[in-house]
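Reviewing the structure listed below.
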2 protein chains.
Amino acid sequence: MTTTLQSSAGRDKQARDAELLGQLRAAIGAAHVLTDPNDLADRLIEDRGLYKGNALAILRPADTAQVAECVRLCFAAGVPIVPQGGNTGLVGGGVPEGGVILITQRLNKIREVDAVNATMTVEAGCILASIQAAAEEVGALFPLSLASEGSCQIGGNLSTNAGGTAVLRYGNTRDLVLGVEVVLPDGRILNDLNGLRKNNTGYDLRNLFIGAEGTLGIITAAVIKLFPQPVSRATTMVACDGPDVALLLFERMRSQNADVLSTFEYIDRSALQMAIDHGPGCSDPMMQAYPAYCLIELTSTGAQDALDARMEAALEAAFEAGEVIDAVIGASEAQKDALWALRENLSDAQKPEGASIKHDVSVPVSRVADFVNAGKAACIDYMPGLRPCPFGHFGDGNLHFNLSRPKDMADADFLAEYPAFNRIVHDIVHEMGGSFSAEHGIGKVKRAELRHYKDPVALQLMTQIKQAIDPAGLMNPGKVL
Amino acid sequence: MTTTLQSSAGRDKQARDAELLGQLRAAIGAAHVLTDPNDLADRLIEDRGLYKGNALAILRPADTAQVAECVRLCFAAGVPIVPQGGNTGLVGGGVPEGGVILITQRLNKIREVDAVNATMTVEAGCILASIQAAAEEVGALFPLSLASEGSCQIGGNLSTNAGGTAVLRYGNTRDLVLGVEVVLPDGRILNDLNGLRKNNTGYDLRNLFIGAEGTLGIITAAVIKLFPQPVSRATTMVACDGPDVALLLFERMRSQNADVLSTFEYIDRSALQMAIDHGPGCSDPMMQAYPAYCLIELTSTGAQDALDARMEAALEAAFEAGEVIDAVIGASEAQKDALWALRENLSDAQKPEGASIKHDVSVPVSRVADFVNAGKAACIDYMPGLRPCPFGHFGDGNLHFNLSRPKDMADADFLAEYPAFNRIVHDIVHEMGGSFSAEHGIGKVKRAELRHYKDPVALQLMTQIKQAIDPAGLMNPGKVL
């Protein structure tokens, strides 16, 4: 009896799914409702292969109206939707658990460039690099910049409030957005595509959707801010005794060069060594090894010589104060790029050294040196021989606190310790008023950490908001909350 | 019968109110539950006397726990709460319609100054000027600055997302906040007092309460951002032919001096003339009258001479391009202050000229000159003899589009035309993608405009959120929505 009932229910579901697919094909064209397993395969997994999801179909709507129609149909059928952009996320936020995958690939138009207002209206499917290029064409800068910029889409950047290398100067993605267009979970279209610097007309809906990881609706377009393109940059790598003096140096750079400071990255020697050993074309920038390094860049719309003078004045004072023990100044654009290449190779260069356990954490800037010291000590104490390789956005208080396994340990044995290291590192971070997810988000990977560390009232409030906006729970279920 | 029933209901309500007041006195002390009409008087009105409200009592809780206890008791009794800070708002957002007034005056502690993290944790009742002073003590700048800074409180600034004169460089209040502590409508305390530059752990709750005008809860404390104190400033007032060339000049200043541009204010001759005629100690800064003026200021943590050189280079190019026809460079701090005094007297100087009708509007920066031209033409067309005095934050697209009455018209006759001018001006603004409330908020005054101009889906969503967080509708009822 039970078996028959289940089969009957299964047949019902199959029939309902088939009906929905038929409606979706009628709405956006049969060519844009993909159900072939070969078409689905790449969209069921994320980059690191941590999860494999399942889905009924991929939907490729052409524009906002089609997105709204797809959502309306799925809402009526009670079928969940996972929105996907470039599928470059690192926390499983785009992995489907049944339902349909809605991809924003065809919403790839730059609707408007308003150079005088310093804004651009972009659709969710625009590749980040193509937005950067379009800004450059009008002599402007869109400062959001991250490793996956050649394939990630702005819709994903918005939904995850992406960080990257320009946060110190320009802020997170959230800070680069003026207006949004969103398809709500029932198919209504919120039109808040304003390009205004000042607009106090009710609740700030924009920031509710930015960083919500697709759980409250689908961002289909946004008005983003552009900035004047800098015409000069001064790039220096300095060596110092460790994170404590690096923090003093950061304070000096910030107070003397606040207007023009764009980059202050910290690199532990252990991390730099791996880049030197494994990074293509990388070599030690100095004659001898030092405990730690900082990559510092000033950029300006003013003259190069004035900027160089500001860098030199600050460095001179830092040498005198003992904060800096050696320095390489990028004298040409090629030399500046070479210093950046060391920074950019840090992550990949850890791979040949075996498995690593990664943490994307932030603390108040005043605690960032304490965190490096305490984190290294606690982790080595737990596992002698461990090789911590901390580096990252020191000036934002955001470190990639990566741990390479002891040289003689098996990868699998090491990775089995992931939860233990999470607890050690995240407890220290939490104790310092920090965050266990600085820029990558929650997705599927960090839901347990969210429940463990987040203020319970904040969790309740998030649930109340989710319930109010998506009462059926159809938008990217199983993520964040 | 009916009379008896009503009286009985009235007696019931009186008894319930008395019971609540007793509970409140027990919770925060009898001295801090004020019911004397003399104590209430000042708190029932707003500055311009547009409304007179009524309230049962004023509550003066000492700290967040007491605020929470007051809110819990009122929630249980079903009695509305109007939070008030300095009561300096201009849109009636703090006027009570029954219930209690909760004032944040005693929550006036600066809980923490973290100079290295460049943050300060402040309670809602801190006066803005005292926060600015505390920042200065550690060599830092809290850039929020507005006319009422000597009496307004940061809680009110947060609840209204205040703007002011430093938005071009540092953003609105929203952009100056990292974390908040909020007492929710049922008395729960949301603790999100983080001081992190990067923190992607769920929905952005902070921005939901900032700018909500007290309708979703009471912000009791916040972590605000500090900035390095500039050590140099270059201040210039230039004369030009009108808003169209002023916009070209703004573009030039922004592209050449993006790192250091802090102020770009526009002043119509009509507005400047009133400041010259009525402002204490004000005189014409130039030898002859011109159609329009811009007040431009660069500030920097770098050297004064380098900053002066950047201002001069930009001005020279602007003269050559015909954008500027005359200029006064502030050669001393006193001269710089004198140029600012002209700007600061614009609003008050309109009073001796009779009634004025004011609009706090914004448009995309690319439309700001078009708006000045179209707005003046349409208003004069409607009422010949009218004297438009536009001035304001040109670089943010935010103008105070003030209209002084025709010289020979009675104030009351002129003010009767307020709705007509609202429709004329706000229609032009709306057509240009602008906002009818750039920095002052909605309160009671602009609720009808909100319903008229706001995207209907945005209004629905605001109502859904209000319903989810304050289902009993007890937080500042009759405001915003």
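The values are calculated or read from the model by the stated rules, or taken from the named source; none is laboratory data. Predicted, not measured: the structure shown is a model, and the values here were computed from it. Virtual Cβ from ideal backbone geometry, glycine too; neighbours counted across all protein chains shown. Please note that ligands, DNA and RNA were not included when accessible areas were found on the heavy atoms of the full protein model with its side chains. Shrake-Rupley method; radii C 1.70, N 1.55, O 1.52, S 1.80 Å.
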Shielding by other protein chains, B:452-461, mean Cβ within 10 Å: 5
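For region B:232-348, rounded, prolate or oblate, judged on the Cα gyration tensor with a ≥ b ≥ c (square roots of eigenvalues), a/c < 1.5 rounded, else prolate if a/b > b/c?
Values: a/c = 1.95, a/b = 1.30, b/c = 1.50.
Cα axes put region B:232-348 in the oblate bin.
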Teacher prompt: A:S7 distances to equivalent labels in other copies, 7 Å Cα→Cβ, nm: 7.8
Across the identical copies, how the B:A65 labels are spaced - nm, sorted shortest first, 7 Å along Cα→Cβ: 6.0
Shape call, region A:110-228: gyration tensor on alpha carbons, a/c limit 1.5: prolate
Relative packing of A:33-42, A:212-221, B:447-456, A:371-380, which averages over residues the other C-beta atoms within 10 Å, highest first: A:212-221, A:371-380, B:447-456, A:33-42
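What is the gain in length, in nm to one decimal, between B:E312 and B:A18 on full extension, counting 0.36 nm per residue of separation less the C-alpha to C-alpha distance? Please report the intermediate quantities before stating the final value.
Details: separation 294, 0.36 × 294 = 105.84 nm, distance 6.84 nm.
Stretched fully, the B:E312-B:A18 segment lengthens by 99.0 nm.
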Region A:153-212-region A:363-413 distance, computed between alpha-carbon centres (Å): 33
Which of A:T463, A:I442, A:L481, positive extreme of dipole for region A:441-481 (C-beta unit charges): A:I442
Listed residue (B:M120, A:N54, A:F414) projecting farthest to the positive dipole end of the protein assembly as shown, Cβ model: A:N54
Partner aspartates and glutamates for B:K479 [C-alpha distance under 20 Å; skip if fewer than 8 residues away on the same chain]: A:D204, B:D42, B:E46, B:D47, B:E97, B:D186, B:E213, B:D360, B:E439, B:E449, B:D455, B:D470
Angle in degrees between helix A:304-320 and the longest Cα principal axis of chain A, rounded to the nearest 10: 60
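Against the empirical 2.2 N^0.38 Å scaling, what ratio does the C-alpha Rg of region A:2-104 come to?
Numbers: Rg = 14.3 Å, N = 103, 2.2 N^0.38 = 12.8 Å.
The reported ratio for this selection is 1.11.
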Nearest 10 degrees, 0 to 90: helix A:333-344 Cα axis against chain A principal axis: 60
For region A:185-285, radius of gyration divided by Kirkwood radius, i.e. Rg to Rh on alpha-carbons: 1.14
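State the Kirkwood hydrodynamic radius of region B:45-152 in Å, one decimal place, computed from all pairs of distinct Cα atoms.
For region B:45-152, inverting the mean 1/r across all distinct Cα pairs yields 15.4 Å.
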Accessible-area composition of region B:232-348, carbon plus sulfur, in percent [1.4 Å probe]: 52
Farthest toward positive dipole pole in the protein assembly as shown [+1 Lys/Arg, -1 Asp/Glu at C-beta], among A:L248, B:L249, B:A133: B:A133
Solvent-accessible area per residue for region B:121-188 (1.4 angstrom probe, square angstrom): 27
Karplus-derived HN-Hα couplings along region B:438-450 (A = 6.51, B = -1.76, C = 1.60, θ = phi - 60°), whole Hz, x at Gly and Pro: 7, 9, 8, x, 9, x, 8, 4, 10, 4, 5, 5, 4
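What size of dipole, in debye to the nearest 20, comes out for the protein assembly as shown about its Cα centre when the only charges are +1 on Lys and Arg C-beta atoms and -1 on Asp and Glu C-beta atoms?
Details: 82 positive and 116 negative charges, 660 e Å.
With only Lys, Arg, Asp and Glu charged at Cβ, the dipole is about 3160 debye.
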Copies compared at B:V328 - label distances in nm, ascending, label defined 7 Å from Cα in the Cβ direction: 5.4
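For region A:125-178, what is the Kirkwood hydrodynamic radius in Å, using each pair of distinct C-alpha atoms?
Numbers: mean 1/r = 0.0904 Å⁻¹.
Evaluated on region A:125-178, it is 11.1 Å.
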Long-range amide H partners of B:T104 with built H, under 5 Å: B:Q84
Residues whose placed amide H lies under 5 Å from that of B:V177, excluding near-sequence neighbours: B:K225
Calculated from backbone phi, Karplus (6.51, -1.76, 1.60) coupling profile of region B:97-104 in Hz, x at Gly/Pro: 10, x, x, 10, 9, 9, 9, 9
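Counting helices only, and only those DSSP H runs with n ≥ 4, report the 222 nm mean residue ellipticity of chain B as the sum of -39,500 (n - 2.57) divided by its residues, in deg cm²/dmol to the nearest 500. Don't skip to the end; give the middle numbers.
Details: 16 runs with 179 residues, N = 481.
Only helices count here, giving -11500 deg cm²/dmol.
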Debye intensity ratio I(q)/I(0), log10, the protein assembly as shown, q values 0.05, 0.09 Å⁻¹ (C-alpha model): -0.31, -1.04
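Could you work out the mean count of beta carbons from other protein chains within 10 Å of each residue's beta carbon in B:212-219?
Numbers: counts 3, 3, 0, 2, 2, 1, 0, 0.
Mean shielding count: 1.
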Degrees separating the helix B:64-77 axis from the principal Cα axis of chain B, which is the longest one: 60
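Cα-based Rg of region B:354-439 per 2.2 N^0.38 Å, rounded to two decimals? Don't skip to the answer; put the middle values down first.
Numbers: Rg = 12.2 Å, N = 86, 2.2 N^0.38 = 12.0 Å.
Taking the Cα Rg and dividing by 2.2 N^0.38 Å, one obtains 1.02.
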At R0 = 25 Å, FRET efficiency that the Cβ-Cβ distance of B:R25 and B:K109 yields, to 0.05: 0.60
